[in-house]
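The values are calculated or read from the model by the stated rules, or taken from the named source; none is laboratory data. This one's a predicted model, so the numbers in the text were calculated from it and none came from an experiment. Positions of Cβ are generated from backbone atoms using ideal geometry, with glycine treated the same way; all protein chains shown enter the neighbour counts. For accessibility, only protein heavy atoms count, side chains too; no ligands or nucleic acids. Shrake-Rupley method; radii C 1.70, N 1.55, O 1.52, S 1.80 Å.
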Amino acid sequence: MWKQPAPANSSFNEYNTFPLPQTQRGQSSHAHGPVGHTQQPLVTGTSVLGLKYDKGVMIAADNLASYGSLARFRDIQRLHPLGKHTLLGVAGDMSDFQWLKKELDALLREEDALALTDSHPSLSPKNIYELLSNLFYARRSKMNPVWNAVLVGGWDKVKEESFLAYVDLLGTTYSAPTLATGFGAHLAQPLLREAYEAKAGIDGEGPLLTQEEAEKVLEDCMKVLFYRDARSINKFQIATITSEGVTISDSKSADTYWKFAEGLRGYGAQTQ
Amino acid sequence: MFRNSYDSDNTTFSPQGKLFQVEYALEAVKQGSAAIGMRSKTHAILLTLKRSTGELATYQKKLIRIDDHVGVAIAGLTSDARVLSNFMRQQAMRSRMTYGRAIPVGRIVQSIADRAQTNTQEYGRRPYGVGFLVIGQDETGPHLYEFSPAGTAFEYYAHSIGARSQSAKTYLESNFESFENATLPELINHGLSALNDTLQQDKSLSLKNTSIAIIGPSDSSSDIENIKQSAAAKRGNFRVWENEGVENLLKAWRRSRGEPEDGPQEETTPPTAEQSQSVEGSENAPQGAPAAGTTSEDVTMEE
């Protein structure tokens with residue numbers, strides 16, 4: 001999913017060393033010396049799924065941070081709460097994600113400190129999303145992108161409604177009742193839409209999924225992703241954001257079925 | 001040359017514990033003409049007395065819009081006020097652009113108070129010679145703040161600054177308990193009465209010298225605001241009423257006091273609608289007829 005730049009002197013990565021250190025990087029030099037920019041992600045997280053349901057929003061992501069194709073870190077949380085009513089689900093470069101967490105946490109701490117004197121409500125999910133959109137677009141315009149795709153889920157206390165929107169490293173933004181990043185956009189988004197529209201209709205006027213139904217759909221989608229996305233693992237968390245606040249589930253796995261694998265021929269150790 | 005030996009350096013305390021330059025800056029605020037601010041549960045308003053620098057000049061504007069939800073009244077050096085209000089406009093715009101959120105009122109006031117404070121502590125600088133009354137509304141409702149060149153920002157139910165503002169303060173102090181639940185017309189009437197108290201003996205409130213700013217929904221039960229003329233009034237945003245725009249507000253106030261609607265007749269320039277030709281947006285054009293007997297406080301070099 002995360003585009004691998006080809007080394008300058010060959011048309012493909014011969015020994016598949018990417019993203020190990022011997023891969024040539026940062027070759028450009030500048031009159032004022034070399035300038036380091038993120039030009040490729042190293043440790044990455046895969047799909048994030050988001051779905052609106054009758055009480056709020058759910059966001060799901062697995063616990064894997066890959067190093068290239070190696071499943072390197074298997075206990076990483078990619079769901080990050082911001083204040084009481086906002087949550088980020090982050091795919092892409094995990095070090096950029098950690099930087100993003102640090103910056104946003106600092107901002108919200110400052111908001112909380114100011115609120116001690118003026119009791120003004122903290123930044124809403126919409127406000128945080130607006131900031132992220134501006135940040136991602138500004139950074140890509142400096143040819144130094146924040147290498148992530150982010151789902152922002154939240155509860156708008158003023159409008160009494162849920163919030164779900166997407167922003168990525170190109171500064172692309174959109175919003176929909178069901179969202180997915182990366183591979184999930186191909187594999188899970190159709191399933192999420194199917195389930196959402198089955199009740200709400202294509203205009204979204206009908207009733208929304210219940211908590212149980214939404215959770216079931218997300219677990220099914222995570223299973224499909226585990227089956228077909230080689231950068232995923234069967235260990236994921238689901239966050240729910242409602243008027244009550246944010247809750248993040250413990251890690252769980254989907255029941256998988258592998259019996260059919262015995263019948264497969266052409267892979268592995270069998271000798272015909 | 002100097003009134004005392006602690007005058008030359010604004011960052012040095014006098015043995016009495018005073019920073020004289022800061023005290024003089026507060027004097028500059030007192031020289032400016034009066035501004036009054038008030039707040040109810042639903043509205044915040046400003047009322048100011050405008051002065052003109054000469055018989056051929058316009059009356060100097062004292063109300064500045066910062067954003068849809070914030071505006072200020074100034075007293076003191078107009079040029080310093082422009083520096084600070086431009087900074088406030090930048091802050092307001094920055095908040096709207098980065099967060100899509102109208103900046104909370106207390107924070108924008110604190111931002112200029114912090115700037116003013118550095119001027120009282122760093123060598124080679126001078127304090128601002130202007131005081132603000134700031135009204136605004138945010139997610140926590142309407143607000144009224146006072147900013148002073150000493151670097152302070154306090155929130156008030158009602159407050160006044162500028163020349164003879166003590167008389168207005170006396171009025172506000174004896175009436176403020178009714179402000180909280182007052183309607184917009186009641187609030188304005190109280191404000192005009194307070195403003196009236198700052199006038200010299202032979203002066204009265206007129207279309208030319210009175211301007212009023214309002215934040216909060218317009219009052220549908222009265223015709224004091226010309227909603228058709230102001231999109232801001234329709235939306236409850238910051239709007240300024242002056243010249244002809246303030247006529248209905250003044251008339252309603254005089255009626256509430258049982259005075260003739262058109263004001264005192266012996267006034268130097270009877271402020272009838274025909275005579276004041278200026279319309280919104282052309283305040284910089286000199287007004288039609290110069291006031292016949294305009295003297296003393298109406299004409300000064302300040303503001």
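How far is it, in nm, from the label point at A:A113 to the one at A:V158 when both lie 7 Å from their Cα along the line to the Cβ?
2.5
Taking only Cα atoms, what is the 0 to 90° angle, nearest 10, from helix B:20-31's long axis to the longest principal axis of chain B?
Once rounded, one gets 10 degrees.
At a 1.4 Å probe, which residues in segment B:94-136 are at least 40 Å² less accessible with all protein chains present than in their chain isolated?
B:T98, B:Y99, B:R101, B:R107
If the cut-off is a Cα-Cα distance under 21 Å, which lysines reach A:K126, setting aside same-chain residues fewer than 8 apart in sequence?
The qualifying lysines are A:K52, A:K55, A:K84, A:K101, A:K102, A:K157, A:K159.
Before we go on, tell me the buried accessible area for the B/A pair, both chains summed, 1.4 Å probe, in Å² to the nearest 100.
Buried surface at the B/A interface: approximately 1100 Å².
What list of ³J(HN,Hα) couplings, whole Hz, do you get for segment B:98-113 from phi and the Karplus terms 6.51, -1.76, 1.60, once you set θ to phi - 60° and write x for glycine and proline?
The phi angles translate into 7, 10, x, 10, 5, 5, x, 4, x, 6, 5, 5, 4, 5, 7, 5 Hz.
Explain nothing, just compute: Karplus ³J(HN,Hα) = 6.51 cos²θ - 1.76 cosθ + 1.60, θ = phi - 60°, for every residue of segment B:76-89 in order, whole Hz, x for Gly and Pro.
x, 6, 4, 5, 5, 4, 5, 4, 5, 6, 4, 4, 4, 4
Per residue, how much accessible area does segment B:164-245 show when a 1.4 Å probe rolls over the protein heavy atoms, in square angstrom?
That works out to 45 Å² for each residue.
At a Förster distance of 41 Å, what's the computed FRET efficiency of B:S220 paired with A:S249, Cβ-Cβ distance as r, to 0.05?
0.20
Using the beta-carbon distance between A:W258 and A:K101 and R0 = 25 Å, what value does 1/(1 + (r/R0)^6) give for FRET efficiency, to the nearest 0.05?
So, using R0 = 25 Å, E works out to roughly 0.10.
Quantify, in whole percent, the carbon and sulfur part of the accessible surface of the protein assembly as shown (1.4 Å probe; protein heavy atoms only).
Within the protein assembly as shown, the accessible surface is 51 percent carbon and sulfur.
Which far-off residues, 5 or more places away or on another chain, put their amide H under 5 Å from the one on B:V130, with H placed in the peptide plane?
Answer set, sorted by chain and number: B:L77.
Any residues in segment A:86-131 that have 50 Å² or more less accessible area with all protein chains than in their chain alone, probe 1.4 Å, and which are they?
Residues losing area: A:D118, A:H120, A:N127.
For B:K62, go through the aspartates and glutamates and keep the ones whose alpha-carbon is under 13 Å away, minus same-chain ones fewer than eight residues off.
Within the straight-line cut-off, B:K62 pairs with B:D80, B:E242, B:E283, B:E302, B:E303.
Per-residue HN-Hα couplings for segment B:39-46, Karplus 6.51 cos²θ - 1.76 cosθ + 1.60 at θ = phi - 60°, whole Hz, x for Gly and Pro?
Values per residue, Gly and Pro as x: 9, 10, 4, 10, 10, 9, 9, 10 Hz.
Bin width 5 Å, alpha-carbon pairs only: give the P(r) of segment B:1-54 as whole percents, running from 0 to the bin holding the largest distance.
For segment B:1-54, the pair-distance distribution reads 4, 15, 16, 13, 11, 11, 13, 10, 4, 1, 0.
Note down the nm distance, to one decimal, between modelled labels 7 Å out along Cα→Cβ at B:E23 and at B:Y156.
2.2
Counting other C-beta atoms within 10 Å, and keeping those with at most 13, which DSSP coil chymotrypsin sites (Phe, Trp or Tyr not before Pro) do you find in segment A:192-268?
Sparse-neighbourhood loop chymotrypsin sites (Phe, Trp or Tyr not before Pro): A:Y257, A:W258, A:Y267.
Counting only residues 5 or more places away or on other chains, whose amide H sits under 5 Å from the amide H of B:V70 once H atoms are built in the peptide plane?
B:F238
Nearest 10 degrees is fine. How inclined is helix B:184-196 to the longest principal axis of chain B, computing both from alpha carbons?
70
Just grab the label-to-label distance for B:F87 and A:Q211, each label 7 Å out from Cα along the Cβ direction, in nm (one decimal).
A separation of 5.0 nm, rounded to one decimal place.
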